[in-house]
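Asks: Sharing a structure below in structure tokens format, with a few things to ask.
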Amino acid sequence: MRVGVPTEIKPAEYRVAITPAGVREMVEHGHEVLVEAGAGEGSAISDAAFEAQGARIVPGAEALFAEAEMVIKVKEPQPVEVEMLRPGQLLFTYLHLAPDPELTRGLCGSGATCVAYETVEDARGRLPLLAPMSEIAGKIATQAGAFMLEKPLGGRGILLGGVPGVAAANVMVIGGGVVGMNAAFIAIGMEADVFVFDKSIDRLRELEVAFAGRCSTVYSTTLAVEEMLPRADLVIGAVLVHGARAPFVIRREQLALMKPGAVLVDVAIDQGGCFETSRPTTHRDPTFEVDGIIHYCVANMPGAVPITSTHALTNATLPYAIALADEGVAEAIRRNPGLRPGVNVAAGAVTHPAVAEAVGMPSVKVEQALKPSADGPIRQGHLDVSARRPPEHAEAE
Ligand SMILES: NC(=O)c1ccc[n+]([C@@H]2O[C@H](COP(=O)([O-])OP(=O)(O)OC[C@H]3O[C@@H](n4cnc5c(N)ncnc54)[C@H](O)[C@@H]3O)[C@@H](O)[C@H]2O)c1
């Protein structure tokens, strides 16, 4: 398959969807890899490093999208990229469609088959392609929150860890999954008093064991949240209901319970945000204030540390990208059931039920959408790569 990796164009996004190691693996599997010139620069990877492993450098996104059968990206396609997608093309990237009906409609209109990193599951129903970015976002959430609590940045002016004789700050983490656990881990390391809220008692049990009593765990209810808000200096929102829009865990009127200058970090902003007053921000302008409370709502937090994120992300995505390139989407989801929920849009239809519900569109079964037509190997949203695979691959099966 011809695999294309464009330069990310979302503001302040410096990650790239493949590393030289990934190019090498793809090439060894018989695929051709096109990388847009300069795509790796933000992650300190030169064009020459990609070329040395067999990639072909393509001057611009237009040429790359036109040639590639599968496009691998990091962030959701921007409007100009949606326009370049075409029927039969495969897109593999973060999509976060639940809060974005417009993008969902755009992808349906493109006819491309769109596989979202964030809804691919492993055998235990966890999210293996979200986890590495969640680990990073969780760690950044506490770092950023600690920074924003400084007075010159609009915060209350409290040091997370306190000093001898002066109490530490209270950090409240709502959602104790991968983001929440990593946020709590750093907050504990910075010697704050940490409280992790979750609705899953099993998860709270796991956290108790992992942190060996170094933070408090709280079963999350509206009352429990309201009782903690007046004490919290930093609140990190990290809830997730797979594929769905994030639920609101703090409403606007509840901000009045908080101390002026307290900081909210909404990591779940990429799923629509879990605070009612959140709206997406960028690394260039990360915060805004509502009712005296500082909001940090950067939708691509790991983009700030691209050298770490690019490698962490591609370590996780590469096996799935190779499976898609080797087998085509229909066969890859048959062989690897965890990839199936990754398919969010195919042949003009939404194929993930939670996404469909969130955007108010009907949901179609993936297999139904991908059914080959009588017109030949390629139809809208379906790429039958067996017809294009080099003979040695066809024979190996
Ligand atoms: N902004 C960014 O750059 C960025 C980066 C990575 C991940 N994220 C987002 O962070 C969020 C969390 O991701 P994750 O990997 O930690 O997910 P996860 O599934 O590992 O954890 C989510 C946790 O939230 C809990 N939860 C669900 N509803 C809840 C509620 N109403 N109250 C309390 N807890 C609740 C679940 O039980 C679970 O433990 C997701 O929306 C993800 O997309 C954002």
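The values are calculated or read from the model by the stated rules, or taken from the named source; none is laboratory data. This structure is a prediction, so every number in the text was calculated from the model and none was measured. Cβ: placed from backbone, ideal geometry, glycine included. Neighbour counts: every protein chain shown. Heavy atoms of the whole protein, side chains included, go into the accessibility calculation; ligands, DNA and RNA do not. Shrake-Rupley method; radii C 1.70, N 1.55, O 1.52, S 1.80 Å.
Residue by residue, here is whether (1) part of a helix (DSSP H, G or I); (2) in contact (Cβ under 8 Å) with a residue 12 or more places away in the chain; (3) more than 16 Å from the ligand (Cβ to nearest atom); (4) buried (at least 21 other Cβ atoms within 10 Å of the Cβ) holds:
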position	(1), (2), (3), (4)
Val265	no, yes, no, yes
Asp270	yes, yes, no, yes
Arg279	no, yes, no, no
Phe288	no, no, no, no
Gly303	yes, yes, no, yes
Ser309	yes, yes, no, yes
Ala356	yes, no, yes, yes
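Asks: Which pairs have Cβ atoms under 7 Å, sit 6 or more apart or on different chains, and link a residue in segment 226-239 that is at pLDDT 95 or above to one that is buried (at least 23 other Cβ atoms within 10 Å of the Cβ) and aromatic (Phe, Trp, Tyr)?
Replies: Filtered contacts from segment 226-239: Gly237/Phe275.
Asks: Another question, then. Among the residues of segment 159-177 satisfying the criterion of being within 32 Å of the chain's Cα centre (by Cα) and aliphatic (A, V, I, L, M), which is farthest from Ala224 (Cα to Cα)? Give the derivation first.
Replies: Keep residues of segment 159-177 that are within 32 Å of the chain's Cα centre (by Cα), which gives 159-161, 168-177.
Imposing the further condition that a residue be aliphatic (A, V, I, L, M) reduces the set to 159-160, 168-169, 171-174.
Values: Leu159: 25, Leu160: 22, Ala168: 21, Ala169: 19, Val171: 14, Met172: 11, Val173: 12, Ile174: 11 Å.
Selected residue: Leu159.
Asks: Checking Arg251 against (1) at pLDDT below 95; (2) within 13 Å of the ligand (Cβ to nearest atom); (3) not β-branched (Val, Ile, Thr), which single condition isn't satisfied?
Replies: (1)
Asks: Take the residues in segment 193-225 that are touching a residue at least 24 places away in the same chain (Cβ under 8 Å), among the polar types (S, T, N, Q) and part of a loop (DSSP other than H, G, I, E, B); name whichever of them is most open to solvent (accessible area, probe 1.4 Å).
Replies: Looking at the filtered set, the residue picked out is Ser200.
Asks: Another question, then. State which residue pairs qualify: first residue more than 15 Å from Val343 (Cα to Cα) and of a type in the set (Asp, Glu) and inside segment 70-88, second residue open to solvent by 10 Å² or more (accessible area, probe 1.4 Å) and assigned to a loop (DSSP other than H, G, I, E, B) in any location, beta carbons under 8 Å apart, and separation of 6 or more residues or different chains.
Replies: These pairs meet every condition: Glu81/Ile9.
Asks: Pick from Val166, Val171: which is buried (at least 16 other Cβ atoms within 10 Å of the Cβ) and within 25 Å of Gly292 (Cα to Cα)? Please lay out each step first, then the result.
Replies: Values: Val166 fails: buried (at least 16 other Cβ atoms within 10 Å of the Cβ).
It is Val171.
Asks: Where in segment 75-192 are there helices (runs of 4 or more DSSP H), lying fully within it, with 1 or more residues that are at pLDDT below 95 and either touching a Phe, Trp or Tyr at 6+ places or on another chain (Cβ under 8 Å) or within 11 Å of the ligand (Cβ to nearest atom) (or both)? Steps first, please.
Replies: Numbers: elements: 79-84, 101-110, 131-148, 178-189.
Result: 131-148.
Asks: Filter segment 319-344 for residues that are under 19 Å from the mean Cα position of the chain (by Cα) and surrounded by fewer than 19 Cβ atoms within 10 Å (Cβ to Cβ) and give the result.
Replies: Selection gives Pro319 alone.
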